[in-house]
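Peer 1: Provided herewith is a single structure, encoded as structure tokens, for subsequent inquiry.
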């Protein structure tokens with residue numbers, strides 16, 4: 001990640017910017033105006049001052065360089081010369097008026113220094129969880145500083161630190177900052193500790209009370225805390241707190257995900273707990289729910305129609321296509337060239353102040369001569385030492401070759417194979433279709449021998465994706481349905497949407513294709529649609545499996561990290 005110092009704006013920020021600019025002129029119930037002045041400073045720095053009326057308006061800035069700010073005054077530093085469009089959106093609380101404006105500014109004095117930093121480090125785990133890190137970054141200047149973090153918690157600023165970790169999974173990041181050239185680079189790597197004798201007694205939990213006018217008070221009921229425990233609340237409404245007990249105000253009724261994060265730097269313990277709360281006392285009591293359906297036509301053209309509920313003649317519609325193009329109105333159309341696409345519809349009613357967003361994944365079918373194939377490995381729960389590869393073949397397939405990763409292969413749609421040695425095997429299938437197109441898919445699977453030496457090795461049988469009726473596999477139909485990941489492929493963030501037939505506890509796990517568990521999160525789910533944000537910025541590029549468990553029910557979806 002080499003770059004001059006910038007801050008990447010999230011998908012949500014981009015969506016909100018376009019949305020605010022779109023609805024700003026429609027919200028005004030009383031007169032308010034947006035305007036600002038700016039001053040060009042040295043080295044690409046620009047300071048901004050809102051001159052909006054009334055002067056008490058809240059201000060949100062977007063500077064055109066992937067940076068933003070909140071407040072009546074703000075500043076930013078541009079790292080490249082050129083023309084930038086600066087947007088200001090203003091509003092009051094409660095929201096009875098809003099306004100937006102933009103100006104184009106010309107930067108001619110930005111620093112042109114080149115960032116050649118390459119952050120990296122090596123790690124070595126010693127006895128009892130003591131871990132040593134060695135900085136191996138290159139191209140650093142004489143004015144370089146180091147920032148080490150453990151699961152997003154800062155722990156050292158020295159060049160080659162060490163720390164003691166408890167048993168568990170950790171994501172270690174090193175950020176190298178070159179103050180001379182005004183740039184930085186970050187490198188992250190994961191580590192699993194299993195030899196620590198230290199114990200972590202932190203257990204995050206909280207209770208809450210929904211009061212009047214959207215006010216909700218939270219009380220930490222966590223156990224194992226000490227005087228050195230740090231608290232961090234995330235309320236799901238862009239507000240946060242860092243005290244054991246906290247409260248926040250929600251402007252809109254609806255479901256919000258609230259999380260409490262605990263850290264103890266003395267014992268190096270961490271714990272977190274998230275819950276979904278239902279706010280129904282907010283001043284803006286009108287409800288609306290965004291939703292849409294779509295039809296895939298020829299040549300990648302897709303038509304969309306809103307079927308949102310709670311809309312009126314004052315409801316605005318904003319469509320986002322792959323976060324790169326926009327449209328407004330209750331219907332829209334878009335031509336896609338990607339196989340995977342994500343589309344979001346945001347609705348806002350300027351009279352009732354109701355706001356709702358719904359997203360879905362749109363898949364454009366491949367050309368028959370650009371076929372695709374895949375399979376999923378599932379263990380047979382009725383036959384010991386047996387796995388099934390459930391294959392998805394296209395209708396026009398003419399030839400299939402399975403490579404078992406042990407220098408042997410089989411030809412045919414549904415072959416079987418027995419392994420003679422334990423280990424990881426890269427199982428691949430290659431198909432040919434009637435128009436001469438080919439496609440391949442591989443899965444790295446661990447095949448091992450039973451602890452009982454007299455038992456044979458594992459068998460792998462290939463079957464159609466529907467699976468033989470005699471195979472007993474887990475089903476999620478009793479507890480949940482309609483599991484969706486979007487966007488997928490993902491860059492920094494993906495959303496998991498789960499439709500629960502009944503309220504209950506769910507466990508969300510992310511696995512590498514080798515079966516290694518990376519992240520696990522337990523949470524409560526309400527009956528109906530539940531949505532969870534899953535950060536993916538720490539994952540390396542590749543394929544992962546996201547598994548959702550609820551009691552005996554289980555669903556697994558594939559995640560692609562770009």
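Peer 1: Grab the Cα-Cα distance for residue 294 and residue 138, subtract it from 0.36 nm times how many residues apart they are, and report the gain in nm with one decimal.
Peer 2: Numbers: separation 156, 0.36 × 156 = 56.16 nm, distance 4.99 nm.
Result: 51.2 nm gained on full extension.
Peer 1: If you scale each eigenvalue of the Cα gyration tensor by 5 and take the root, what three semi-axes come out for the stretch 206-279, rounded to whole angstrom and sorted largest first? Spell out each step's value before the answer.
Peer 2: Details: eigenvalues 119, 23, 19 Å².
Equivalent-ellipsoid dimensions as semi-axes: 24, 11, 10 Å.
Peer 1: Using 0.36 nm times the number of residues separating residue 314 and residue 221, minus their current alpha carbon distance, what extension gain do you get? Working shown, then result.
Peer 2: Values: separation 93, 0.36 × 93 = 33.48 nm, distance 4.37 nm.
The span from residue 314 to residue 221 would gain 29.1 nm if fully extended.
Peer 1: Computed FRET efficiency, Cβ-Cβ of residue 255 and residue 124, R0 51 Å: what is it to the nearest 0.05? Spell out each step's value before the answer.
Peer 2: Numbers: r = 45 Å, r/R0 = 0.89.
It comes to 0.65.
Peer 1: Let me ask something else about it. Along the Cα-to-C-beta direction of residue 198, a point sits 7 Å from the Cα; which residues of the stretch 108-148 have their amide N less than 14 Å from that point?
Peer 2: 126-132
Peer 1: With each pseudo-label sitting 7 Å past Cα toward Cβ, what's the residue 92-residue 398 distance in nm, one decimal?
Peer 2: Between residue 92 and residue 398, the simple spin-label model gives 7.3 nm.
Peer 1: Round to the nearest 0.05 the FRET efficiency obtained for residue 145 and residue 73 when R0 = 35 Å and r is the Cβ-Cβ distance. Provide the component values of the computation, followed by the final result.
Peer 2: On the way: r = 28 Å, r/R0 = 0.79.
Efficiency, from the Cβ-Cβ distance: 0.80.
Peer 1: What ranking do 485-493, 517-525 get when scored by the average of other Cβ atoms within 10 Å per residue, highest first? Mind dumping the intermediate values first?
Peer 2: On the way: 485-493: 18.4, 517-525: 15.3.
Going from most to least packed, we get 485-493, 517-525.
Peer 1: Sticking with this one: Can you compute the modelled spin-label distance between residue 213 and residue 328, with each label point 7 Å from Cα toward Cβ, in nm?
Peer 2: It works out to 3.2 nm between the two label points.
Peer 1: Another question, if that's okay. Name the shape class, rounded, prolate or oblate, that the alpha-carbon gyration tensor gives for the stretch 480-561, where a ≥ b ≥ c are the square roots of its eigenvalues, rounded holds for a/c under 1.5, and otherwise prolate holds if a/b is larger than b/c and oblate otherwise. Could the numbers behind the result be given before it?
Peer 2: Details: a/c = 2.10, a/b = 1.59, b/c = 1.32.
The shape class here is prolate.
Peer 1: Further question on the same structure: Within 10 Å of each residue's Cβ, count the other Cβ atoms and sort 176, 397 from fewest upward. Display every interim value, and only then the final one.
Peer 2: Details: 176 24, 397 17.
If I rank by nearby Cβ atoms, fewest first, I get 397, 176.
Peer 1: Using the basic label-point model (7 angstrom from Cα toward the beta carbon), what is the residue 81 to residue 281 distance in nanometres?
Peer 2: 5.9 nm
Peer 1: Express in nm, to one decimal, how much length is gained between residue 409 and residue 40 on full extension, taking 0.36 nm for each residue of separation and deducting their alpha carbon distance.
Peer 2: Working: separation 369, 0.36 × 369 = 132.84 nm, distance 6.76 nm.
Here the segment from residue 409 to residue 40 would lengthen by 126.1 nm.
Peer 1: Over the Cα atoms of the stretch 121-193, what Rg and Dmax result, in angstrom?
Peer 2: 12.6, 40
Computed from the coordinates by the stated procedures, all read-outs in this text should not be read as laboratory data. On a predicted model such as this, the values are computed, not experimentally measured, just so you know. Don't worry about glycine lacking a Cβ; one is built from the backbone with ideal geometry, like all the others, and counts go over all protein chains shown.
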